[in-house]
Amino acid sequence: MPDIIQLLPDSVANQIAAGEVIQRPASVVKELTENAIDAKADSITINIKDAGRTLIQVIDNGSGMSETDARLSFERHSTSKIKTADDLFAITTMGFRGEALASIAAIANVELKSRKSENEIGTQIVIEGSKVISQEPISCSTGTNFAVKNLFFNVPARRKFLKSNTTEFGHIITEFQRIALANPEVEFKLYHNDSEVYLLPKANIRQRIVSVFGKRINQNLITIESNTSIISIKGFIGKPEYARKKSGEQYFFINNRFMRSAYFNKAIINAYDQILQPETVPSYFLFLEADPSTIDVNIHPTKTEIKFEDQQAIWQILHSAVKQALGKNNIVPSIDFNQEQGFDIPVLSKNTDIKNPHIEIDHTFNPFEHKSSANRNPKSSLISLEKENMANWDKLYEGFEKENEESDEFSFMSNQNIQQTITDHDVSDKYFHFKNKYILTPVKSGLMIIDQKRAHERILFEKFLQSLSTDSIATQKSLFPKTIELDAKDHALIIEIQNDLKRLGFDLDDFGGHSIVINGMPADSGNQEPEQIIDKFLNEYSSGEIDTKTQTKEKIAKSLAKASAISSNQQLNNEEMREMVDLLFACQNPNYSPFGKLIVSIVKTEEIEKRFN
Ligand code: ADP
Ligand code: MG
């Protein structure tokens, strides 16, 4: 039998390796940009065409390469960053495996121009599928300019596997954001199809976070700093009220490298114990510095998990640093989130037990808009459900006056309010409003209880879904158009689904940068501010993955229904309750909210009677 084992040619080996290192256009952006950072560039420009399918170009003003280095850089295991195995324990660069360029060159057409500052002339190399087509001297500026064209041209399976341009560009933005946040002292420019996506000047960390995520985040950042012998931590955590449902603004960096850590994430989440709304995650941007010899450097080219020698100790340090920062900002974990927006204020008075009066404040309430929004849509009172109880200042003071009374339970409704609801009742259809959250009404078989928020979500969802396929919803024009600054990904998303949003009654324009202008809102948006609705909408919409067209529409309708529905802490009068119930039972599926939650429950008459046996 002849021997059958043979060494794979380099080009084949590189293509196999490329499968691991380069999974999608975003991987190329990451590798090239990290190389530019390693080359000490302080200005990096990235040009993308067609989400990276056609072109990924990274231009830096770093060290540049000599003619020989430029040629060698494309060989597998060619790196200038480590020499011996010992160096593995003192990694201070982003790369060190020497695999990226060889991999990229195996699956794309690459053009490299590079010049070191001490050389007068630079070098240009053209490579196609690992084959060097040409190398010649060229005059170019100091630094390196990589152009990667026709990614996966020779791996059709890979090319087919790529997702839509929006998804792929989303991945590029994710990688870009991580690197940009880790390197605020570097100027970055990102262009997609010749239009500017990011222009980030040199900055400090805080400024960089703000220029990446938009101005709104600034007032929500709490500084954090902690120095110990094993680790130093600095950066920012988000205020609990800024916490969102979508994960995405959670960043750990170790020695300026982005890392993922479910374990350390828990340390942060635990520290926020009891002060977060359910299902929300706080933002954080934490920069850890540790001796490179105490972390496992054998990092997988694409994975971002990193092992630490002193995991548990670091967990504790992180946890207490976050607790301390929250404490310093007077965000104490005694806030009661059983109701939306509720909080306790301890009242001190001589010789009496301290009681916490309950106060309800609607942060969305705008006294100047109160009147106008009340008759936004004269046709339907549901649409203009008023938050009168919120504006009821008497009630706010009542909480203090009642301090010495027995009523520990003073909360949702004062007795007076309950009585009023009863006398308001129409004889024919009697509704009772319970805790400003449930609508109660007798039915044949017993007592029907309806969750008002979920009911409203269902009503809006079916209405929106219909508008997306047939007739559009009326727009309520704003007197003063509002400009809203978004982050790049959210902005791209809004623009992508702009037409659907128009059908739903949004009148919006791209304002450039990452901003949009809202000229009008759906007539169903109640008295919420445009920012609020857009914010809630994006939060809901981005909290899952979607792919096909029909699903997109459904998701838009769902997310907008959730964003626009009345809260489960809003007073309704009898007329509004009646309308809610009527509209609910006109729905195709009145029993469950678009999120699969129960809307209607009936307590059987027998069950009630049993209680009095
Ligand atoms: P690694 O980054 O792991 O060393 P790469 O394949 O990414 O491996 O790059 C190989 C080598 O090419 C690097 O070690 C570096 O010396 C050189 N190189 C790559 N990109 C640049 C750049 N933008 N500027 C200067 N040198 C670069
Ligand atoms: Mg590299």
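The values are calculated or read from the model by the stated rules, or taken from the named source; none is laboratory data. All of these numbers come straight from a predicted model, not from anything done at the bench. A quick note on method: Cβ atoms are made from the backbone with ideal geometry, for glycine too, and the neighbour counts reach across all protein chains shown. Side chains are part of the model used for accessible areas, which takes the heavy atoms of the whole protein and leaves out ligands, DNA and RNA. Shrake-Rupley method; radii C 1.70, N 1.55, O 1.52, S 1.80 Å.
The set of residues in the stretch 567-613 being part of a helix (DSSP H, G or I) and charged (D, E, K, R) consists of Glu575, Glu576, Arg578, Glu579, Asp582, Glu606, Glu607, Glu609, Lys610, Arg611.
I'd like the full set of residues that are over 24 Å from Ile566 (Cβ atoms) and open to solvent by 20 Å² or more (accessible area, probe 1.4 Å), limited to the stretch 438-470.
So the first thing to find is which residues in the stretch 438-470 are over 24 Å from Ile566 (Cβ atoms), and the list is 444-446, 469-470.
Within the stretch 438-470, Lys444, Ser445, Ser469, Thr470 meet the criteria.
Residues in the stretch 38-59 that are farther than 16 Å from Val110 by Cα and within 16 Å of ligand 2 (Cβ to nearest atom): Asp38, Ala39, Lys40, Ala41, Ile44. Within the stretch 89-100, restricting attention to residues that are open to solvent by 60 Å² or more (accessible area, probe 1.4 Å) and within 15 Å of ligand 2 (Cβ to nearest atom), the residue that is nearest to Ile37 (Cα to Cα) is Thr92. Screening Lys163, Lys131 for residues that are away from ligand 1 (no atom under 12 Å from the Cβ) and closer than 18 Å to Ser27 by Cβ leaves exactly one candidate, Lys163. Taken across the stretch 19-39, residues that are without any contact (Cβ under 8 Å) to a residue 12 or more places away in the chain, more than 8 Å from ligand 1 (Cβ to nearest atom), over 27 Å from Asn193 (Cα atoms) and open to solvent by 60 Å² or more (accessible area, probe 1.4 Å) do not occur at all. Residue pairs whose Cβ atoms lie under 6 Å apart, sitting 6 or more positions apart in sequence or on different chains, and linking a residue in the stretch 481-501 that is in contact (Cβ under 8 Å) with a residue 60 or more places away in the chain to a partner that is surrounded by fewer than 18 Cβ atoms within 10 Å (Cβ to Cβ) and part of a helix (DSSP H, G or I), are Glu485/Lys215; Glu496/Thr166.
Listed by first and then second residue, the pairs linking a residue in the stretch 571-589 that is farther than 16 Å from Pro442 by Cα to a residue that is of a type in the set (Asp, Glu) and buried (at least 18 other Cβ atoms within 10 Å of the Cβ), with Cβ atoms under 7 Å apart and 6 or more places separating them unless they lie on different chains, are Cys587/Glu462; Gln588/Glu462. Among the residues of the stretch 51-72, is there at least one that is open to solvent by 60 Å² or more (accessible area, probe 1.4 Å), within 15 Å of ligand 1 (Cβ to nearest atom) and under 25 Å from Asp291 (Cα atoms)? No, the conditions are met nowhere in the stretch 51-72.
Take the stretch 78-103 and flag every residue that is within 8 Å of ligand 1 (Cβ to nearest atom) and assigned to a helix (DSSP H, G or I). Those that are within 8 Å of ligand 1 (Cβ to nearest atom) and assigned to a helix (DSSP H, G or I): Ala100, Leu101, Ala102, Ser103. Whether any residue in the stretch 133-154 is under 23 Å from Gln23 (Cα atoms), without any contact (Cβ under 8 Å) to a residue 24 or more places away in the chain and either small (Gly, Ala, Ser) or more than 16 Å from ligand 2 (Cβ to nearest atom) (or both) is what I want to check. No: zero hits.
Residue-by-condition table, conditions (1) surrounded by 14 or more Cβ atoms within 10 Å (Cβ to Cβ); (2) modelled with pLDDT of 90 or more:
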position: Asn220; (1), (2): yes, yes
position: Thr223; (1), (2): no, yes
position: Phe236; (1), (2): yes, yes
position: Phe252; (1), (2): yes, yes
position: Ala262; (1), (2): no, no
position: Thr280; (1), (2): yes, no
position: Asp296; (1), (2): no, no
position: Ile299; (1), (2): yes, no
position: Lys303; (1), (2): no, no
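Ser211 is checked against (1) out of contact with any strand residue (DSSP E or B) (no Cβ under 8 Å at 6 or more places or on another chain); (2) within 25 Å of Arg260 (Cα to Cα); (3) free of Cβ contacts under 8 Å to residues at least 24 places away in the same chain and fails just one. What number does that condition carry? Every condition holds for Ser211 apart from (1).
Could you list, in sequence order, all residues of the stretch 574-601 that are at pLDDT 90 or above and in contact with a strand residue (DSSP E or B) (Cβ under 6 Å, 6 or more places away or on another chain)? Passing the criteria: Met577, Ile599, Val600, Ser601. The numbered conditions (1) of a type outside the set (S, T, N, Q); (2) open to solvent by less than 10 Å² (accessible area, probe 1.4 Å); (3) more than 31 Å from the chain's Cα centre (by Cα) are all true for Glu128 except (2). Within the stretch 474-493, is there a residue that is open to solvent by 60 Å² or more (accessible area, probe 1.4 Å), outside any strand (DSSP E or B), modelled with pLDDT under 85 and within 23 Å of Cys587 (Cα to Cα)? Yes, there is a match, as at least one residue in the stretch 474-493 is open to solvent by 60 Å² or more (accessible area, probe 1.4 Å), outside any strand (DSSP E or B), modelled with pLDDT under 85 and within 23 Å of Cys587 (Cα to Cα). For the stretch 41-63, a residue qualifies if it is part of a loop (DSSP other than H, G, I, E, B) and within 29 Å of Asn154 (Cβ to Cβ), and the qualifying residues are Arg53, Thr54. Taking first residues from the stretch 73-92 that are in the same structural domain as Asp296 (by TED's automatic domain parsing) and partners that are away from ligand 2 (no atom under 13 Å from the Cβ), no Cβ contact under 9 Å between residues at least 6 apart in sequence or on separate chains turns up.
From the list Ala85, Ala108, which residue is within 16 Å of ligand 2 (Cβ to nearest atom) and either open to solvent by less than 40 Å² (accessible area, probe 1.4 Å) or of a type in the set (A, V, I, L, M, F, W, C) (or both)? Even if it seems obvious, please write down each step before you answer.
Values: Ala85 fails: within 16 Å of ligand 2 (Cβ to nearest atom).
Criteria check complete, one pass: Ala108.
For the stretch 234-268, a residue qualifies if it is in a strand (DSSP E or B) and under 23 Å from Pro292 (Cβ atoms), and the qualifying residues are Lys234, Gly235, Tyr251, Phe252, Phe253, Ile254, Arg257, Phe258, Met259, Arg260. Ile16 passes all but one of (1) in contact with a helix residue (DSSP H, G or I) (Cβ under 7 Å, 6 or more places away or on another chain); (2) of a type in the set (Val, Ile, Thr); (3) closer than 26 Å to Lys160 by Cβ; which number fails? So the condition that Ile16 fails would be (1). Within the stretch 444-473, the set of residues being touching a strand residue (DSSP E or B) at 6+ places or on another chain (Cβ under 8 Å) and not in a helix (DSSP H, G or I) comprises Ser445, Gly446, Leu447, Met448, Ile449, Ile450, Asp451, Ile473. Residues that are touching a strand residue (DSSP E or B) at 6+ places or on another chain (Cβ under 9 Å) and assigned to a loop (DSSP other than H, G, I, E, B) within the stretch 179-200 comprise Asn183, Pro184, Val186, Asn193, Asp194, listed in sequence order.
Go through the residues of the stretch 528-540 one by one and say whether even a single one is touching a Phe, Trp or Tyr at 6+ places or on another chain (Cβ under 6 Å), open to solvent by less than 50 Å² (accessible area, probe 1.4 Å), in the same structural domain as Lys482 (by TED's automatic domain parsing) and in contact (Cβ under 8 Å) with a residue 40 or more places away in the chain. So far as the stretch 528-540 goes, no, none of its residues is touching a Phe, Trp or Tyr at 6+ places or on another chain (Cβ under 6 Å), open to solvent by less than 50 Å² (accessible area, probe 1.4 Å), in the same structural domain as Lys482 (by TED's automatic domain parsing) and in contact (Cβ under 8 Å) with a residue 40 or more places away in the chain.
Please verify whether Gly170 is surrounded by fewer than 21 Cβ atoms within 10 Å (Cβ to Cβ) and within 16 Å of ligand 2 (Cβ to nearest atom), treating the condition exactly as stated. Against the criterion (surrounded by fewer than 21 Cβ atoms within 10 Å (Cβ to Cβ) and within 16 Å of ligand 2 (Cβ to nearest atom)), Gly170 does not qualify.
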